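Chemist: I'd like to ask some things about the structure below.
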Amino acid sequence: MLTTIKFAPGIDKQDTSVGAQGRWVDSDLARFRYGLPEKVGGWSSLLTDTIVGVARAQYAFVDKTGNRYVAIGTDKFLLIYFEGQLYDITPYVDNNAGAPVTFTSSTLATNSTTVKTCTITTTSDHNLTAGDIIELDSVTLPGGTGLSASDFEDKLFQVLSVPTPTTFTINSLNQASAAVTTGGSMTVKPYVHIGPTEQTYGYGFGVGNYGGTVSGALQTTLDGALAADANGNNGSAVQIRVASSTGFPTGGGTIAIDNELITYTGVAGNELTGQTRATNGTSTAIHTDGSTVTNATNYAGWGSAVEASTVTLEPGLWSLSNWGDVLVATIANGKTYTWDSSASARLSVKASRQTLSGGSSTLQNSSYWTGTGTYTSGNTLGAQANEAAGNPTASRISLVSPTTRHLIHLGTETTIGDTSTQDDMFVRFSNAEQLNQYTPLATNSAGTQRLQDGTKIVGALIAKENILIWTDNALYTMKFVGAPFTFGFEQVGTNCGLIGKNSCIEIDGVAYWMSNNGFFSFDGTVNSLPCAVEDYVFDDVDTTKGQQICAGLNNLFTEVVWWYPSSGSTYNNRSVVYNYGESNPPPLGTWYTNTNTNFNRTSWMDTLIYPRPYATQFNSASSGTFPSIIGESGLGQTVYFEHETGTDQLNPDGSTTKLTSFIQSFSFSLQKDQSEVFLAMRRFLPNFKVLTGSNDVTVGVTDYPATDEVESTYSPFTVLPSTTHVDTRARGRYANLKLENINAGESWRFGTFQVDIQPDGRR
C-alpha cells in the first residue's frame, strides 16, 4: 500500500529530527518555491578581474541620460562598475580644505640589488601607515638605478613599512641594478584610509593612534611653538604652555601634539610642568604656535594590553546613495565624498572635495532601467571622488532622503569639522536642495537631533513612509513633518537593536533585520520574527563581528538572506534565509540555512536596475587584480557575481565550480499505530517536478528516536528523470529522506514522496 509523506516548506532546527513532524531538518543551497524544495540558481562572474580587498557595499543608480552605474565600496577603494568595466574613483587624502594632500619633490633610494624595496623620503610628515595605498606622479629617478620612471609613474603602491615620519618603503616594479642612497624627484599622492578588512578588538600597540584614542578627549591649543628637541616652549624651559589647562589631570598625565606624545608631572596655571618629550615610541617634532593639544592620558594600550571589550576596530564600511547624478559616499566614521556622473570628464577623474553648485543636481528616482543608455567612447571613467565641502568630517552613516532632498548624517559631529566632537547618537541633516548647508536658520530646513536609547547609531534605511534608524538597542523613525522642525523622531521599539550596519533590509513597506539575539520585522509595529533555526544561528554566530554581517534581498524568490561569521571564523561563512513569501504559519515561518563555502557573500544588491542580483565573495588567501597595486600583500580578493544564472559557479578565469545541494527530512514514523511492530519500506516513488541530470536519494532508518542511535543508512539511489520507482529494503520504526545532487549541471525541484510500507515483525 502506497503512503504519501507530506513535507511543509522550511527547515526546522529547533526540534528533534523526530519531533519536527512534517518538516525538513537540514539543507544547503536549497530553497523553497510554491511550497516545494529546489536547488538554488547558479552564479557567474561579471568580470575577468577580481577586486582588491573586501567589498562591503554596493549601490546602483541611473543618471539623467540613462547610464547605469554601480558604486562598490571596499576596505581600500571606492570603485564604479560601468558597462562591464571597473573604474577607480577612490579619493586622495585631502588637507581639510578640499585640496588633495601631495608630497612634491620627494626623493627615492633603492635599497639593494637583490630586494625590490625602495625608500621614499617626503618633504614633511606623511602620516602613512603600513598597508596604505599611494600613487606616484611626476617621477624622475636618480641615475645609476637601472630603473625607469615608467616603473613608478601613475602607479599604485602598497606601503610596506614606515621607518620614520618622513620615510616609507615600497616594492618597485623591477629590480634595481645598484643601490642609490637618494635622489630624483616625485609627487606622492596618498589614498584615503578606509578601514581594516575585518572587525576586531584591539590590544596594546597599534590600536588607533598610538594604541587607541578616546572619543571626545579634552583639547586645548599650544601657547608658543615647540622645537624638535627635548625642551619646552621656544626651547627655554621644560614647561609646556597651553591656552587653558582646565580639565587636564593635575597630578600628571600624557598629551598628544600632532604625532608626538609628551608626559608631564604637574600643572601650574596654564603650564604643564615636568614634561618629557617623545614618549611611547614617538619622535620629537616641530609644533607651531596654536597646534592642538589633546589629553591623551586615557588613551588605550601603550606597552600593555587593553581589555578586549574596550577598543573595537570596525571594518572598512561605506554609506552609498545618490543625489540625482551625484554619487554620495561616506566612509564609516570618516568624511563624505561626491562623484558627479554628469561631469564631462566623469570617467577620467577621481572623487575629490569639490563643491557642487549648491548641490542642486536633479534628483532622480532611479528605480528602474527603462531604456538604452548612451556612452561617449571618448570618456574614460576613473575620476576620483571629491570631499563634499561643508559636510561633517566624521559620520558613522549618511543617506539621502529622496523625497525631501536632504543629506542626513548619523552618528556625526556636533561641531562640523571637529572630529573630536563626533557623537555616535547625534543626527544632522542639510537644508533641502543643498548638499553642503548644515547651519540651522529660520529660513532653511537644516537641523539636528540627538537620540537617547542606545550607545551608538548602527544602521539606517529609507523606508516607504519614513526613515528607519537603528541604535544598538532601539529602533527610531525619522519622518518629515515640515517647518519648523523639518523631521520628527519617534522611538518605536526597544531591545531590538541592529547587530551591524548592513544587517537590515526593507521590502514593500516592511523592514527585516538581525539583532544580537533574534530576528525582527517592522510594518508600523516592531515584531519578533518566529524562527525555526534561531538556536542554530545564535548559538554559533560571532556577534563581535556584527559589522561584517550582510543582509540581502532576493525579491525574485521572496527571500531575505543574512550572511554571518560563525564562531571561530574570521569572515562570513554561513547564511540563513527567511522566505517571507512562502506560506507557513507561526510559530515556525519558512527558514533555511546554507554552509557551502562557495555561497559566502560580503555584499548583495537586488534586482533594481539590473535583471538579476549582484553579489561579492571574498577570498583572503588570493590577491586581486584591480586596481593593480605593486607590492600588494595580504589584501585578499573579491569576485563579483551575477546570481540566478545557470546551475553552477562560473569563475573569472572561465572555469566552472560545481554547486552541490541537499535537503534532509524529519524522521517520519513507519508505524501505523503505537504497536511494537517494525515495518519495512519495500519501494518508494520519487516525484520530481524538475530534474536535470540526476539526484541521489538516500533513505535512512532507525529503531529509536534517541539522538545517539546509529542510523542504518541505505546507499544512495540514483534517480533519473526516467525513474518511476526505486526498490529498497529499509526496516525500522522511523525513516528519513535525503535528496542531493553531486554533479555539475544538475538542478531539481522535488514534488511528492510515496512509500510502500508493510508490517515486518516485532524485532
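Chemist: Modelled label-to-label distance, residue 539 and residue 104, 7 Å Cα→beta-carbon offset: nm?
Modeler: Computed distance between label sites residue 539 and residue 104 equals 6.6 nm.
Chemist: Evaluate E = 1/(1 + (r/R0)^6) for residue 16 and residue 694, where r is the Cβ-Cβ distance and R0 equals 30 Å; express this FRET efficiency to the nearest 0.05.
Modeler: 0.45
Chemist: Amide H of residue 43: which non-local residues (sequence gap of 5 or more, or other chain) have their own amide H closer than 5 Å, using H built in the peptide plane?
Modeler: Amide H neighbours of residue 43: 645, 648, 649, 650.
Chemist: Still on this structure, please answer the following. Output wanted: per-residue J couplings in Hz (rounded whole) for the range 515-527, from phi through Karplus 6.51 cos²θ - 1.76 cosθ + 1.60, θ = phi - 60°, x for Gly and Pro.
Modeler: These are the phi-based 3J(HN,Hα) values: 9, 6, 9, x, 10, 9, 9, 9, 10, x, 9, 6, 10 Hz.
Chemist: Separate question: Dipole of the chain, Cα-centred, from +1 at each Lys and Arg C-beta and -1 at each Asp and Glu C-beta, to the nearest 20 debye?
Modeler: Working: 43 positive and 67 negative charges, 214 e Å.
Result for the chain is approximately 1020 debye, rounded to the nearest 20.
Chemist: Something else now. Can you work out the FRET efficiency for the pair residue 221 and residue 112, with r the C-beta to C-beta distance and R0 = 56 Å, to the nearest 0.05?
Modeler: Details: r = 45 Å, r/R0 = 0.80.
Once rounded, the FRET efficiency stands at 0.80.
Chemist: If I stretch the segment between residue 760 and residue 3 completely, what's the gain in nm (0.36 nm per residue apart, minus their alpha carbon distance), one decimal? Working shown, then result.
Modeler: On the way: separation 757, 0.36 × 757 = 272.52 nm, distance 1.62 nm.
The residue 760-residue 3 span can extend by a further 270.9 nm.
Chemist: Just tell me the longest site-free run in the chain, where the sites are GluC sites (Glu not before Pro) in a DSSP loop having at most 11 other beta-carbon atoms within 10 Å. Write down the numbers at each step before the final one.
Modeler: Numbers: sites that count: 307, 465, 676.
Result for the longest clean stretch: 1-306.
Chemist: Same structure again: If packing is taken as the average count of other Cβ atoms within 10 Å, what order do 724-737, 399-412 fall into, highest mean first? Don't jump to the answer; show the numbers that get you there.
Modeler: Details: 724-737: 17.6, 399-412: 22.4.
Most protected by this proxy first, the peptides run 399-412, 724-737.
Chemist: A further question follows. Which far-off residues, 5 or more places away or on another chain, put their amide H under 5 Å from the one on residue 33, with H placed in the peptide plane?
Modeler: For residue 33, the qualifying residues are 38.
Chemist: Using +1 at the Cβ of each Lys and Arg and -1 at the Cβ of each Asp and Glu in the chain, identify which of 485, 510, 316 lies farthest towards the dipole's positive end.
Modeler: It is 510, whose Cα lies furthest towards the positive end.
Chemist: For the range 516-562, with only Lys/Arg (+1) and Asp/Glu (-1) charged at the beta-carbon, what is the dipole magnitude about the Cα centre, in debye rounded to 20? If you can, show how the numbers build up before the last one.
Modeler: On the way: 1 positive and 7 negative charges, 39 e Å.
Approximately 180 debye in magnitude.
Chemist: At a threshold of 8 angstrom on Cα-Cα distance, excluding pairs fewer than six apart, so keeping six or more, what relative contact order does the chain reach in percent?
Modeler: Values: 2163 pairs, mean separation 120.1, N = 763.
Relative contact order here is 16 percent.
Chemist: I'd like the distance between the alpha-carbon centres of the range 491-516 and the range 36-76, rounded to an integer number of Å.
Modeler: 23
Chemist: Would you mind calculating the gained length between residue 633 and residue 177 on full extension (0.36 nm times residue separation, minus the Cα-Cα distance), in nm to one decimal?
Modeler: Values: separation 456, 0.36 × 456 = 164.16 nm, distance 2.40 nm.
Once the chain is fully extended between residue 633 and residue 177, it gains 161.8 nm.
Chemist: I've got another one for you. In whole Hz and in residue order, list the ³J(HN,Hα) couplings for the range 554-564 that follow from phi through the Karplus curve 6.51 cos²θ - 1.76 cosθ + 1.60, θ = phi - 60°; x for Gly and Pro.
Modeler: Listing the rounded values in order: 10, 6, 4, 10, 6, 10, 10, 10, 10, 9, 9 Hz.
Chemist: If you compute Rg and Dmax of the Cα atoms in Å for the structure shown, which of (1) 30.2, 104; (2) 30.6, 116; (3) 27.6, 97 do you land on?
Modeler: (1)
Chemist: Need one number: nm distance between label points at residue 448 and residue 583, each 7 Å from Cα along Cα→Cβ, rounded to one decimal.
Modeler: 5.4
Chemist: Quick one: if you stick a label point 7 Å off each Cα along the C-beta vector at residue 96 and residue 312, how many nm between them?
Modeler: The answer from the label model is 2.7 nm.
Chemist: 5 Å is the cut-off here: which amide hydrogens, built 1.01 Å from N in the peptide plane, fall below it relative to residue 94, excluding neighbours closer than 5 in sequence?
Modeler: Close amide H contacts, sequence-distant or interchain: 101.
Chemist: If you don't mind, another one. On a C-alpha basis, how far is the centre of the range 545-595 from the centre of the range 106-170 in Å? Whole number, if you could?
Modeler: 45
Chemist: Rank 265, 80, 558 by how far each Cα sits towards the positive end of the charge dipole of the chain (+1 on Lys, Arg Cβ; -1 on Asp, Glu Cβ) and give me just the farthest.
Modeler: Of the listed residues, the answer is 558.
Chemist: I'd like the FRET efficiency for residue 65 and residue 185, computed as 1/(1 + (r/R0)^6) with the beta carbon distance as r and R0 of 60 Å, rounded to 0.05.
Modeler: It comes to 0.90.
Chemist: Can you give the calculated 222 nm mean residue ellipticity of the chain, where each DSSP H run of n ≥ 4 adds -39,500 (n - 2.57) and the sum is split over every residue, rounded to the nearest 500 deg cm²/dmol? Walk me through the numbers on the way to the answer.
Modeler: Numbers: 1 runs with 5 residues, N = 763.
Only helices count here, giving 0 deg cm²/dmol.
Chemist: Output wanted: per-residue J couplings in Hz (rounded whole) for the range 124-141, from phi through Karplus 6.51 cos²θ - 1.76 cosθ + 1.60, θ = phi - 60°, x for Gly and Pro.
Modeler: 7, 4, 8, 6, 8, 10, 4, x, 5, 10, 10, 10, 9, 8, 6, 8, 10, 10
Chemist: A follow-up question, please. Using alpha carbons only, how many angstrom separate the centre of the range 320-345 from the centre of the range 443-482?
Modeler: 21
Chemist: Charges on Cβ only, +1 for Lys and Arg, -1 for Asp and Glu, centred on the Cα centroid of the chain; of 694, 657, 280, which one is farthest towards the dipole's positive end?
Modeler: Looking along the dipole axis, the top candidate is 694.
Chemist: With only Lys, Arg, Asp and Glu charged, each at its Cβ (+1 for the first two, -1 for the last two), find how big the charge dipole of the range 103-190 is about the Cα centre; round to the nearest 20 debye.
Modeler: Numbers: 3 positive and 7 negative charges, 41 e Å.
Roughly 200 debye, rounded to the nearest 20.
Read-outs throughout are calculated quantities, based only on the coordinates presented, and are distinct from any laboratory measurement. None of the values given here were measured: they were computed from a predicted structure. Positions of Cβ are backbone-derived with ideal geometry, glycine not excepted, and every protein chain shown enters the neighbour counts.
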